[in-house]
Structures are given as C-alpha cells and as structure tokens.
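Novice: My questions will all concern the structure given below.
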Amino acid sequence: MKLLALNVPLPPAADMAAFAPELIVTATAVAVLLLPFFLTRSRRDRLTAAVTALGAAAAAVAAGAFFVRGGSHPAFSGLLVADRLSSFLRVLIFGFLALIAVMWLITASRRRNDATVIDAPEFFTLLIAATVGMGMMVSSVNLLMVVVGIELASLPSYAMAGFQKQQRLGAEAAMKYVVFGAVTAAVMLYGVSLLYGVYGTLSVDRIAASVASAGTIPPVAVIGMLGLLAGVGFKISAVPFHFWCPDVFEGASVEVATFLSVASKAAGLALLLRLVYAVGGFAGAAPHYAGSIALAVGILATLTATLGNLAALAQDNLKRMLAYSSIAHAGYVLMAVAILPTDGQGISGSPGAQALVLYLLVYLFMNLGAFSVVALVYNRTGSERIEAFAGLGRRAPLLAIPMALFLVSLVGLPPMAGFAAKFQLFYALFVYQPISLRWLVVVGLVNTLISLFYYMRVVRAMFLQTTDDGPIEVSALAAGWVIAMAVPVTGLLVVWQPLTKLF
Amino acid sequence: MLEAILFYGFAAMALAGAFGVLLSRNIVRTAVWLLATLGAAAGLYFLLGAMFVGAIQLIVYAGGTLVLIIFGVMLTSKNPHMRFAPRRAEVAVAAVVCLALVGLLVWVLLHSTWYVGPIVQTRAQWAQTGVNEHPWAHDLQAVTQFLDANHVAIVDAKGVPCGPVTLAGLARAAWYELTVMPQGDQGDRRQPLHDADGKPMSGDQLLAELHALPPQDRAIDDAALESAIAALESPDAPARTVQQVAYACGDADLLTDADGDGTRNIGLGFLGVYLLPFEVISVLLLAVLIGAAYLARPRVPASGGTGGGR
Amino acid sequence: MVPAPDYIPLINLPRPIEAVAVIAVYLGFVSVVAMFFIWWERKVSAHMQSRLGPMRVGGWHGWSQSLADGLKLLSKEDLIPDEADRPLFRIAPYLAFVPAFAAFAVLPFSAKFAFVDVSITVVLIFGILALEVLGVILGGWASNSKWSLYGAMREACQIVSYEIPLGLAVLTPVLTVGSLSLVDISIDQGGGIHRWLAFRNPFLFVSFGVFFIASLAANKRAPFDLPESESELVAGFHTEYSGMRFAMFFFAEYAAMFLIGGLAALLYLGGWYDPFGIVLHMEHTPSLVWWAALAGAGIFVVKAFTMVFVQMWLRWTLPRLRIDQVLYMCVKVLLPLACVNLLGVALWAWLFPGGAAQLAVQIVLTVIGAGGAGAFLAILVWAMFFRGRGITVSMLKPWTNLLHRTESK
Amino acid sequence: MNHVLHIGLNHYLVLAAILFAAGLCTMTLKRNAIGILIGVELVLNAANVNLIAFSHYGTGLIDGQVTAIFVIVLAAAEAAVALAIFLNFYNRLATVDVDRGDRLRG
C-alpha cells in the first residue's frame, strides 16, 4: 500500500524566518518551564523573569530586523503576513513583554505573598503564550488564524487575571473575564462561519477581493462581520464589549493589568485595522462603502472614548481609573482605524496605520510608567486608591514627578509625547480626504478635555493634598526604572518628526 | 428520503437538546441536554460526509469537554439539585429577543446567496465565462484538454477555475459526482459525473483519461498507474467505479475524496496548509494545561512554596 | 499493492432490512457474549480460588446460571431512591449500554464480516466508547448517594485521563499501517505471526502493553475498578441500582470487555489471521474466500476471548490500586511511555523501511512474545492438570513454610 | 413538499440559527457560570454545523471541516480554563452564581 508515501512539503525557510520572533519566544516559554528543574526556589523567580526578558528582547530584535528589511511576505500558505505593520507591532509587543518582565522584577518580586512570585514559571509561561497569541493576531490574514490567535491571547490571559487565587477579587475578575470572553468568542465563531459561507474562504484577502468585485456587502456578511467585531472588540474593550476591562484590571495584579492594557489592545487594534482595511480599503471599487465603514468605526470610537472617559471620572481606585482610561485610549486609536487608505496605498504606508502605530508606541511607555508607579505605591502602602497618593509629591518625589509626567502625557498635553501621538492622530483625521472625519477631531478634543479632570485629580492628590504619613522609601532600582520610563515619554516629542517617518 | 428522515431525526434531537438546555433549571440536566445536542450534531456531521469531524466531536466534545463540564458541576454544587431560577421578566425579555433574533437570522439566511463552487459546467458554459483569457489558463492547458474531452470544467461560482485545477479537483468533482448546475442553486449536488454522451462516467473512462494525460500533469507516475490498473483487474472485482480508481491510484490528492470523508485530506491539511495553526494549538494547549492545573490546584500556604519536588 | 477491500454485505437484502437484520444479529451476539462472560468470570474466579463456582443451574457446570440471573433481575423490583434525580437515574444505564453495543457495529470480524464501510473505524470506535463514561457518571450522580457520587467522580477522572495514553497507543498501529480502518490494519498483519503488529518492532511491543493497561482502566476493570470498588464504595456508581437497570451496567461492562479484547486482536495481534498465514492464503484462493471469512471470524473471536480471559485473570489476581496510584500510573508512566512509543514508531518507519534488520527484530520479538504466551499456556495446562490432585499446594509447601517461619520470627 | 424532503444547505443553516439563538438565550438567562458555558457550547455547535454544511454544499473543500476541528479543540481548551476558574471562584465564595461576583463594580 502506498499510504504512507505522502509528499507533504515543509514550510519554506523564509516562512520560518518571518516567524522567528514567535519561535524564539516559544522556546523561551519552554526554557522557563524547564528552569525550575535546575534551580532552587530562591533563585528561580528572578532568573525566570530575566530569561523571559532576554528571550522577548531577542524576539523583538528579530522582528525589528524584519521591519528594517521591509516588504510584505505572506507566510504559511497565506495564513500570516509579515509586513511592516505586523513587524513593527511585533517589535512593540515583544519589547513590551521584555519590559513587563523587568517591571515584574522591580515591582512584583518584592511582594512576598504574591502568587506570581510563588509560581513564577507558571506565570511567565502564561504571559509568553498570551504574547505569542498577540503576535499572531497582528499578522493574521486568515480568519482561522484570527480565531486561533485571539484564543491563544485570551485563554492564558483569563488564567493570569485569576492568578491571585487566594484573593476573592482575583477569582471574581477571572470569572467575569472568562465568561465574557467565552461568549464573545462563540459569537465571533458563528460570525466567521457565516463569512465562510458567503465568501467560500477564510482568507481575508480573498474576502476583500470578493467584496471589492461585488461592490456590496450582503446583509448576512454584515451579520458575520458584526460577530467578528464582537471577538475583536472584546480584545480591545470597545464599547459595548468593555465590561470586563475595569473589573479585570482591578482584580488582577498590577503587572497583569499593565500587560493587558497595552499588549492585548495593541494586538486587537492592529487586527481590527487589518480587517477594516480589507473590507473598506477598496475605496476605488466602492467609495460609498469606505464612507459608511469609516462612519461605523468612528461611531464605535466615539462611544468607546466618551464612555471610557466619563466612567473614569467617578473612580477612586487608580487601577480601575486607568482601566477606563485605557478604554478611552482604545477609543482614540479606533479613530485611527477609521482613516481608510484612499489612493490604493498599502496598509503599511497609510496615514491611519501611521497614526495607530505612533499612538500605541507612546501609549506603551506612558501606561507602563503609570502602572509601575501604582505598583510601587501599592507595594509600600498596600492600597491602590487615590488616597494612597495623597502627598506623594513630598513623600516620594522620585515617584510623584514621573507619575505627573505620565499623567500629563496620558491627557495629551504639549510637552509630553502623548501630545505628539494625539496631534498626529487628529491631524490625520483633519486632512482625511474623500469623506470628512473632522467631527472625530471634535470628539477627540472634547474627550481630552474630560480626561483632564480625572488625571489631574491624581496630580492634585499628589502635590496639593497633605498627609501625615511619612516618606515612602523608593529603591534606586525602582526610581531608575520609573525615570527610565519617563525619558521616552518626555523625549519622544524631541524626535517627533523622525518618529512620524519611522513607519 | 433516508437522508431526510435522518436529518429530521438528528435535527429534532439537537433542537430538543438546545431547548432542554435553555429551559432546564437543574444544571446537571442542562449538561445532559447538551449531550443530546452534541450527539445529534455529530450525527449531522456524519450525514454531511464529515466522518472524521463527527468522530472527533464524539471523542473530544462529548467524551472530553462534556465530562469536564459535568465534573465541574459536581465539584461546584453543594446541594446536588441546585437550581438557578431566572426572574420572570428576564425570561420574557429573553424569549422575545431570541424569537426576534431567530426570525431575523432565518429570514436573512434564507434570502442570502452563498458561495457555490467548485461546480462542474459544460465546456460550452466554461467558454462563455471567458476563462481562457484568465492568466491561469495557460498553466492549465493539459487539464483543459482532458476536461474538454469530457465536456466538463471545474470552476467556482464566478467561472474562475477553483483552486489548483488539477487531478485533485477532478477527483473531488468525481467524488461529489457533480454535474451541471445553475449558479446559486443549493440543492443536492451529488449527481453522477457525466461523460460526453451525458451518461454517468465509469471508472474505466476516468482511468483511460488518466492514462491519456501527460505524466507531468498527473500526480501519479506511470508505474503507480499500471499497478493500480493491475490491482483493479482482480477476477471478482465488480465494475470499477470512479472512487475505486481514485483509491487504487494511491495518490494522496486523489485519495482524499475517494475515502469518502476527506479524512486523509484533513490529515494532509494539518501537515500542509494548516500546519501553523495546528502547531500553534499545541502552544495553546500547553498554556491551558499549565493555567488550568495552576488554578485548580488546591491552595498552598504562601510561605511553603509550591511542591517540594521542584 | 493490495486492492481496496471490497465490503460485501452479509446477505443480499435491501439496505434498511439488512441493517435491521445485522443489528438483530449483533444485539443477539452481544447479549450471548455478555451472558457467557458473566458465567465465565464466575467460573474463572472460582477456579482461581480453588472453588467450583456455579454448578447447579442448567446441566453441565451451571451453564445457564446467567440466564437464571437474568430472569431473576428481570423479575426484581425496579427501585429508585426517593432523593434520586429520577429521569437521569432512569436514563443512565441506557447511556452506558448503548455505546458499548453501538461500537460493535464498526468492529470487523473478518474481511467479509465488516458491516460499516467507513475508513475511520478506529476513531469512530473510540468516539462511541467515549460516550459510555457519561452513563456511569450520570448514574452515580443521579443516585444521590455519597458512595455513588464518589464512584462517578473517580470514573470521570480515571477515564478522561486514560483516554490519552489509550489514544496515543492506538496511534502506533495506525501510524505503522497508515490507515484508520480496522480492516486495513488487520489485513496488513496477514501472513504469519511475525507480521502481527505487536511483534513488528520494540515500540509496538511496548505499545501493546500500554494499550492493554489503558484499556483496562478505560473499562474500569480490575485493578482499575475504583469506580465500583466493592470494599470501599459498596459498589460505586451502581450501588443504588437494582433489577434490569443494574444488569444494563453489567452488560455494558462485559460487552466492552469483548470490544477491548477484539480491538487488541485487531490492532496488535494479527486481527483475524492465524499465526501461520493459512487464512491469508485462503483469502487469496477464490474458491475458499468464504471459508477464509468464516475461519477468520472464528480466529478473531478466539483471540478476543483470550484477551477477555486475561482481563478476568488479572481481576482475580491483582489488588486494586489507590486513586492516586491510578493517576500516577497514567500521567507519569503510561503517558510518557505512549509518547515515546509514538515517536519511536515514527522513527522506526523512517530508519528501517524493511529489510533484514526489520525481519530479525520481528523474529526475535515473535519468539519473546510467543514464548511468553506459550509459557502461560503451559502453566495453565499444568495447573488444570494437577489441580484436582492437590499437587499445586503441596509443591508450594516448602516455600509457604519458609514464609510462615520468617513471619513468626 | 420538495423543500421538506429534499435536504439542502438551508435546512442546516436554519437548524444552526436556532441553536445559535438558543445558546444566546441560555447565556443571558443562566445565573450559573457553568450554565453560561453550556450556552457557549451550543453557539459553538451552531458555528460548526454551519461550517460543515458550507464545506459540504459550498466549497467542497476541507477547510470548513478543519476549522470545525479547531473550534472543537478551542472549545475544549476554553472549557478547561473556564472550569478551573469557576472552581477557584467556588473555593472563595462557595457558589458559581455570576451575580454573586459583585465586589468589582463602578
């Protein structure tokens, strides 16, 4: 019988090369899992984090090499694509993983009873697996890969949200997260099945080609796309799929919240950008569609940003406030998604993608810094509430001043990098041609005004309120870390002009 | 007729399960109702020719996931007959919303045009689509000649040659025994593959056609073809069918659908086109294993660390 | 090149009628086999404990004991505990019995006695058998008894864990032969004992052991009979059952015993082929094809019965494991072993696609395996022959005396 | 009558749509977290029925079947994580009622 004689070609080496960052990080996960067999407990935790950081940094460098080389390389029989957008975002995501590991070393590893310290190998394996999923999300061009990527990003995240299993809040956060995630994933899969039925393929490009040649999207495909949006919207916590976000951020440990606030959203937003471009990017074929799709995304962005900012006003818990703030920022980035490419330019060079990438880059640093300060203050005071920050300017100026910079940057006020990001975004919206997106600029400005109030509440608490509590000790390492985060947040403005050319 | 009976049987079972899940207030009974749906869905997959998926559904879903769920129910219910009663108003609202949803969804589904392809058209119809001007066409000369001889072509709904129009496509068409059908028709397409005279094509004809092809255009070499023919010459073999020919040729692509269920094709897919998600799933399962084992592990004192073994 | 097996229906009848006829035949076969096994198990256990077992009912050696038991169970009151979940309690025995019976539909007895002609019978049979666990779990849960619930929980965790090494072990013959069809796998083993898959290479040899142990656990047979362990859980998941529902669980277990034995025979022990290649020769002789089918079916049944006997033998020999030992066995012994086997078989197929080395290994393994089986048979015959005369005990006397003496000190 | 006896794609789609709606309804009505998970399984089955029906009647390719297998595996993985989390929640609060998770709000 000639049954075993199947000639199945292995993926070509070029595909593996394009996929090298994920391979490196996966190997790191295996190394992290095997480490405990060779090390005693006392050494294990920090080395685990260090190995993760090194592996992630190596992956980021590998992705960076691909970014520098440029070009668009479809890999794995068209399931993934390694173009400039995906390469840049993978640099961002894997670099962020490295930063998170360092942050963990500085903040969490001081906490004796923290579950992520006691079971560091498990925690870092989950962290890495989720990051691989996010790396997959930003480069998927096939709905099957989209689904697999989202699930790979989500399932370890659920476990990480509940990693503090001794604490009730962690258990509650994980349960809400997983229930919400499972529901949206199921709806997404139903949507994907409908899209498969309509277009006979799961390839985003071929669906896009069908949409372009048909010039119309049948209602059933719209239903399918809405289902898909539920899955992606869940990852970026767009309204109305945002309910999990504040609860999970509050219940999970600070490091997990930081990770989810940046990496998960960045991956989701890049994926959404790709999907929206695929469907609406053929402006030449169907101009009226570009308008309605941009309008739909714009409305989604408006809702997300406004609701996030308004809800953040009422928060006393800083982690929860930052959660709503991250929803609001997802709303801003969604505005960038609405900027569809107009003159046949690819996804990588489009102004929307540029604005999105710059915003995410800046947001990474300011959010990481803000969360780091929250974690450090929590380590000393045991509280994440705004009262804990009262008088911080006097008690720990090395934390308070960078924190103020982060918050100002989060608002988007001029001297900080956040301003550059927002300006770039609003400018792109302002000059967008075939249809007018200027109303989104107005929305964005109003929202920035709202956000000023709650960010400044923290600044006011830090510098204007007084308290009897003594000074907070800040180790040199911690101070150095926070200041290191503050450097790009202030310094990026200086290199603003080259930065816009970066992508 | 038999198909209709089986379909309605399975469908009734699936729906009974679904409504049981919806209406049952006892969580264990909910899980048992889910078993009905899962089993019926497996039956439907068998009915649709997806044998392997059906079997996997039984092994993984009914035998694994559902057992896990029931296990979870047992571990998390103090009172064995725990009930969770939704409020009346919620039920009313949910019923209305769901009925509206079903109505809308069904209406939309029934008024939609679905992708149909590959379908087999006559040579004349293919010519009308202008496919010969398609850039792929020159690669397909040999196949075209072969198809021409049979007055068939494998094209998708738009008249574009589907996928790689190779012998795999032909075998697929042969297996599904497609025939000329109007675009957008969603009826049963499993009708005999016709030859030039409009008669069902026999295995011998297919074999002859395979022989006539230049070697580089078929996935099997001459020796394999000869031995396939020799194997089919056994004295008590009945008239050869298209499927038997495809089976005996031993070619992976040809075998796919001659197996009757695409199982081999699925295996090839996992090693070929879908290798990446297949491997990614392994990372996912590793992470899930670690995450679930960590969370479900009994609480350990914070100072004691986890497991002295490590 | 072997031609595609042509499945010839048993009788030339319209398909639905044929289906009904075959179902009736199978149901009858399963019932008779299960009843025979129940009687046989009692006889085996009795003989192992130097008793006679059932002797009265019927004539020779109490042959109709199972029939009498069945009549008794039928006439018994069908008790349902007050606090039980009634619908689930009623449905659970069927959920256990129906899959065990349905799996017979895809079990080929010989090349011509294979009713379902799909190519993935291996997957299908495990898919069907995977449902059996649900009946047990629900039965234990619905009884609303502490012991039953314990039994059900044990069953759930035991079966779900052992399905993994079982599946991995089954993959090794599948990988070697390159087919998911039990018929194909069996046909590949024709032509002599050295062709049997268990003796193909060392990994398959070990894999057979893994398969057999895992299948014992999956069918909750001793020493893995924790779900129903009489001494600790009274009777586990079926404590509260009586009458015909109780009998259903038993039927399911004994039918599954035959299935496991049959699968072991098909996957590893040459299917329906004899050790000398006679049946294969007959299959290739047109005039003897039907005789080959009949002889093959007979050989297959004998092999399956032998494996069933081994299961009974183990039950009355080995003590029951603890639940942690059961899980240890699965996760830390069988699972790694199964993984290594799978890798090893793949490597073997790559390194030794045939040739002299392969043949030598086959012969060595055949000698080991056949020698073991021969030794076993010799012991069996020896025990049978001398049992009546008490020589067994007297021959062991010096050793037992030694044992007693050391213990008394 | 022909539409009733002649089983086609639409039959499967309608069945899947009803399963989907029943699943959605289950997810909204159940208070028990595991009940919600069971509703999710219903929706996933609806998706799978769709995928395989499209694969059979539409493309004639195996990608629908492959996707369905991935869905089954993902569902199993999701159920494993979800049940571990529910178990953990139960260990803290002695219930799996999602409404009892009310500490986190605002």
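The values are calculated or read from the model by the stated rules, or taken from the named source; none is laboratory data. In this text, all values refer to a predicted model and were calculated from it rather than measured experimentally. Note that each Cβ is placed from the backbone with ideal geometry, even for glycine, and that neighbours are counted across all protein chains shown.
Novice: Return yes when D:ALA22 is over 30 Å from D:ASN88 (Cβ atoms), surrounded by 24 or more Cβ atoms within 10 Å (Cβ to Cβ) and at pLDDT 90 or above and no when it is not.
Specialist: The answer is no for D:ALA22.
Novice: For region A:432-471, give me the residue count where each residue is farther than 19 Å from A:PHE406 by Cα and of a type in the set (Ser, Thr, Tyr).
Specialist: Total satisfying the criteria: 4.
Novice: Same structure, new question: Can you tell which of A:ALA238, A:ALA185 is under 19 Å from A:THR304 (Cβ atoms), touching a residue at least 24 places away in the same chain (Cβ under 8 Å), small (Gly, Ala, Ser) and surrounded by 24 or more Cβ atoms within 10 Å (Cβ to Cβ)?
Specialist: Only one candidate passes the filter, namely A:ALA238.
Novice: Moving to a separate point now. Which one of A:LEU340, A:LEU358 is of a type outside the set (Val, Ile, Thr), in a loop (DSSP other than H, G, I, E, B), at negative phi and in contact with a helix residue (DSSP H, G or I) (Cβ under 7 Å, 6 or more places away or on another chain)?
Specialist: Being of a type outside the set (Val, Ile, Thr), in a loop (DSSP other than H, G, I, E, B), at negative phi and in contact with a helix residue (DSSP H, G or I) (Cβ under 7 Å, 6 or more places away or on another chain) holds for just one of A:LEU340, A:LEU358, which is A:LEU340.
Novice: Right, another one. For region C:98-110, indicate whether the set of residues that are in a loop (DSSP other than H, G, I, E, B) and over 20 Å from the mean Cα position of the chain (by Cα) is non-empty. Give the derivation first.
Specialist: First pass over region C:98-110, keeping only residues in a loop (DSSP other than H, G, I, E, B): C:107-110.
With over 20 Å from the mean Cα position of the chain (by Cα) added as a condition, the list becomes none.
Checked against the condition, which is being in a loop (DSSP other than H, G, I, E, B) and over 20 Å from the mean Cα position of the chain (by Cα), region C:98-110 yields no hits at all.
Novice: Inside region A:401-421, can you point out the residues that are at pLDDT below 90, crowded, with 21+ Cβ neighbours inside 10 Å and assigned to a helix (DSSP H, G or I)?
Specialist: Answer for region A:401-421, where residues must be at pLDDT below 90, crowded, with 21+ Cβ neighbours inside 10 Å and assigned to a helix (DSSP H, G or I): A:ALA417, A:GLY418, A:ALA420, A:ALA421.
Novice: Looking at A:GLY162 and the list (1) within 22 Å of D:VAL43 (Cα to Cα); (2) within 7 Å of another protein chain (Cβ to nearest Cβ), which single condition is not satisfied?
Specialist: (1)
Novice: Give the residue that is nearest to the chain's Cα centre (by Cα), with candidates limited to residues of region A:121-139 that are of a type in the set (Gly, Ala, Ser) and more than 10 Å from chain B (Cβ to nearest Cβ).
Specialist: Looking at the filtered set, the residue picked out is A:GLY135.
Novice: Starting from residues that are surrounded by fewer than 24 Cβ atoms within 10 Å (Cβ to Cβ) and small (Gly, Ala, Ser), keep the ones in region C:157-178 and report whichever is modelled with the lowest pLDDT.
Specialist: Per the stated criteria, the residue is C:GLY178.
Novice: Here's a check for you: in region B:12-52, which residue that is within 18 Å of the chain's Cα centre (by Cα) and modelled with pLDDT of 90 or more is surrounded by the most Cβ atoms within 10 Å (Cβ to Cβ)? Break it down stepwise before answering.
Specialist: Applying the first criterion (within 18 Å of the chain's Cα centre (by Cα)) to region B:12-52 yields B:38-52.
Subsequent filtering for residues that are modelled with pLDDT of 90 or more retains B:38-45.
Working: B:LEU38: 24, B:GLY39: 23, B:ALA40: 24, B:ALA41: 32, B:ALA42: 28, B:GLY43: 20, B:LEU44: 28, B:TYR45: 28.
Among those residues, the one meeting the criterion is B:ALA41.
Novice: While we're on this one: Among the helices (runs of 4 or more DSSP H) contained in region A:69-156, which hold 1 or more residues that are buried (at least 24 other Cβ atoms within 10 Å of the Cβ), aromatic (Phe, Trp, Tyr) and at pLDDT below 95?
Specialist: A:84-106, A:120-139
Novice: If you don't mind, there's one more thing I want to ask. Going by the conditions given, is A:GLY291 assigned to a helix (DSSP H, G or I), modelled with pLDDT of 90 or more and out of contact with any strand residue (DSSP E or B) (no Cβ under 9 Å at 6 or more places or on another chain)?
Specialist: no
Novice: Listed residues C:GLY271, C:GLY262; which is surrounded by 22 or more Cβ atoms within 10 Å (Cβ to Cβ), under 20 Å from the mean Cα position of the chain (by Cα), among the small types (Gly, Ala, Ser) and modelled with pLDDT under 85?
Specialist: On inspection, the qualifying residue turns out to be C:GLY271.
Per-residue answers, yes or no, for (1) of a type in the set (S, T, N, Q); (2) outside any loop (DSSP other than H, G, I, E, B); (3) crowded, with 21+ Cβ neighbours inside 10 Å:
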{"position": "A:TYR455", "(1), (2), (3)": "no, yes, yes"}
{"position": "A:VAL458", "(1), (2), (3)": "no, yes, yes"}
{"position": "A:GLN465", "(1), (2), (3)": "yes, no, no"}
{"position": "A:ALA484", "(1), (2), (3)": "no, yes, no"}
{"position": "A:PRO488", "(1), (2), (3)": "no, yes, no"}
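Novice: Name the residues in region C:43-96 that are aromatic (Phe, Trp, Tyr) and either under 20 Å from C:GLY28 (Cα atoms) or crowded, with 19+ Cβ neighbours inside 10 Å (or both), would you?
Specialist: Within region C:43-96, C:TRP63, C:PHE89, C:TYR94 qualify.
The rows are residues; the columns are (1) closer than 24 Å to B:GLY63 by Cβ; (2) at the interface with chain A (Cβ under 8 Å from one of its Cβ atoms); (3) of a type in the set (D, E, K, R); (4) touching a strand residue (DSSP E or B) at 6+ places or on another chain (Cβ under 8 Å).
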site: D:ILE7; (1), (2), (3), (4): no, no, no, no
site: D:LEU19; (1), (2), (3), (4): yes, no, no, no
site: D:GLY23; (1), (2), (3), (4): yes, yes, no, no
site: D:THR28; (1), (2), (3), (4): no, no, no, no
site: D:VAL43; (1), (2), (3), (4): yes, yes, no, no
site: D:ALA46; (1), (2), (3), (4): yes, yes, no, no
site: D:GLY58; (1), (2), (3), (4): no, yes, no, no
site: D:ALA76; (1), (2), (3), (4): yes, no, no, no
site: D:ILE85; (1), (2), (3), (4): yes, yes, no, no
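Novice: Assuming A:GLY200 fulfils every condition listed in (1) on the phi > 0 side of the Ramachandran plot; (2) surrounded by fewer than 21 Cβ atoms within 10 Å (Cβ to Cβ) apart from one, which condition is it?
Specialist: Against the list (1) on the phi > 0 side of the Ramachandran plot; (2) surrounded by fewer than 21 Cβ atoms within 10 Å (Cβ to Cβ), A:GLY200 comes up short only on (2).
Novice: Also: Tell me yes or no: at least one residue of region C:126-145 is surrounded by fewer than 24 Cβ atoms within 10 Å (Cβ to Cβ), assigned to a helix (DSSP H, G or I), on the phi < 0 side of the Ramachandran plot and more than 8 Å from every other protein chain (Cβ to nearest Cβ).
Specialist: The answer is no; no qualifying residue exists.
Novice: If you don't mind, there's one more thing I want to ask. If we keep just the residues of region B:274-310 that are outside any helix (DSSP H, G or I) and at the interface with chain A (Cβ under 7 Å from one of its Cβ atoms), which is modelled with the highest pLDDT?
Specialist: Going residue by residue through region B:274-310, those that are outside any helix (DSSP H, G or I) are B:274, B:297-301, B:305-310.
Right, trim to at the interface with chain A (Cβ under 7 Å from one of its Cβ atoms) and you get B:299, B:305-306, B:310.
Values: B:ARG299: 61, B:GLY305: 41, B:THR306: 42, B:ARG310: 33.
Here the answer is B:ARG299.
Novice: Take the residues in region C:309-325 that are assigned to a helix (DSSP H, G or I) and over 19 Å from the mean Cα position of the chain (by Cα); name whichever of them is surrounded by the fewest Cβ atoms within 10 Å (Cβ to Cβ).
Specialist: It comes out as C:ASP324.
Novice: Another question, then. From (1) more than 17 Å from the chain's Cα centre (by Cα); (2) at the interface with chain A (Cβ under 7 Å from one of its Cβ atoms), pick out the condition that doesn't hold for D:ILE62.
Specialist: In the conditions (1) more than 17 Å from the chain's Cα centre (by Cα); (2) at the interface with chain A (Cβ under 7 Å from one of its Cβ atoms), D:ILE62 misses (2) alone.
Novice: Kindly indicate whether any position in region A:423-444 is under 21 Å from A:THR258 (Cβ atoms), in contact with a helix residue (DSSP H, G or I) (Cβ under 9 Å, 6 or more places away or on another chain) and either at pLDDT 85 or above or in a helix (DSSP H, G or I) (or both).
Specialist: no
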